[in-house]
Amino acid sequence: MQSKSHWEQVYSTKPPTAVSWFQEHAQHSLNLIRDTGVPLSASIIDAGGGASTLVDDLLANGYSNITVLDLSAAALAATKVRLGAIGKAVRWLESDITNASLPTDAYDVWHDRAVFHFLTSPEERQAYVRAVLRSVKPGGHVIVATFADDGPTQCSGLPVICYSAGGLHAEFGAPFTLLRHEKEEHLTPFGTVQQFVYCYCRKASS
Ligand SMILES: C[S@@+](CC[C@H](N)C(=O)[O-])C[C@H]1O[C@@H](n2cnc3c(N)ncnc32)[C@H](O)[C@@H]1O
């Protein structure tokens, strides 16, 4: 699988702090998750979480039911090493999000930063949306962040699709209501700026 070997190569050759998407704290994501109002026992998945520090901050804030899914074993291994013993409380899934066998009606919160924008074919995007539809609980919360429409056209050397909030919501369609969206200027470790858009949607309750 070409994409898997790309990501294994990235995470095996660079420290997590040296990739363009690195954030010391995923503050936008954390704020949006907190603002959903879900309890600390809520089931949260970080889809394509890579070596993100979001899981560290979720644990530090008391969230106790966290799944991190990523295509790259090396990314998950880096996060496990960083977390040490507290990482044992996390469910780790090495899987492709477009064909992962996720449980049905399982997650209160679905989070994705900088993964959906790599899905350049309609088939991949439809498979992703099917996974969200199936595995997020009725009334569950969906937070997806991609490069914004004025963001870069490549990430990690791969082509991406840039979205407006409306365009991103349209990919998910009627079962999801767009409740909030915001932009972020992400400062990369190299001092460049990347425009992100964050969309917060709610899945219909029935
Ligand atoms: C730009 S990184 C973002 C990582 C993390 N979300 C963050 O914000 O730091 C993209 C991540 O998506 C993962 N990824 C790419 N395609 C994927 C797929 N089809 N299924 C699961 N993970 C994927 C990569 O391994 C990588 O960790």
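The values are calculated or read from the model by the stated rules, or taken from the named source; none is laboratory data. Quantities reported herein were computed from a predicted structural model and do not represent experimental measurements. Every residue, glycine among them, receives a Cβ derived from its backbone with ideal geometry; neighbour counts consider all protein chains shown.
Among the residues of segment 87-117, those identified as over 23 Å from His28 (Cα atoms) and of a type outside the set (Gly, Ala, Ser) are Lys88, Leu93, Glu94, Asp96, Thr98, Asn99, Leu102, Pro103, Thr104, Asp105. Residues that are touching a residue at least 40 places away in the same chain (Cβ under 8 Å) and within 17 Å of the chain's Cα centre (by Cα) within segment 161-175 comprise Ile161, Cys162, Tyr163, Leu168, Glu171, Phe172, listed in sequence order.
From the list Thr120, Thr146, Thr153, the lone residue that is in contact with a helix residue (DSSP H, G or I) (Cβ under 8 Å, 6 or more places away or on another chain), closer than 28 Å to Pro16 by Cα and at pLDDT 95 or above is Thr146.
Hey, any hits in segment 163-183 for a residue that's within 14 Å of the ligand (Cβ to nearest atom) and not aliphatic (A, V, I, L, M)? The answer is no, given that none of the residues of segment 163-183 is within 14 Å of the ligand (Cβ to nearest atom) and not aliphatic (A, V, I, L, M). Residues considered: Arg130, Arg134, Arg180. Of these, the only one that is closer than 17 Å to Ala47 by Cβ, more than 16 Å from the chain's Cα centre (by Cα), surrounded by fewer than 17 Cβ atoms within 10 Å (Cβ to Cβ) and not small (Gly, Ala, Ser) is Arg134. Among the residues of segment 82-100 satisfying the criterion of being surrounded by fewer than 16 Cβ atoms within 10 Å (Cβ to Cβ) and more than 17 Å from the chain's Cα centre (by Cα), which is nearest to Ala60 (Cα to Cα)? Among those that are surrounded by fewer than 16 Cβ atoms within 10 Å (Cβ to Cβ) and more than 17 Å from the chain's Cα centre (by Cα), it is Ile86.
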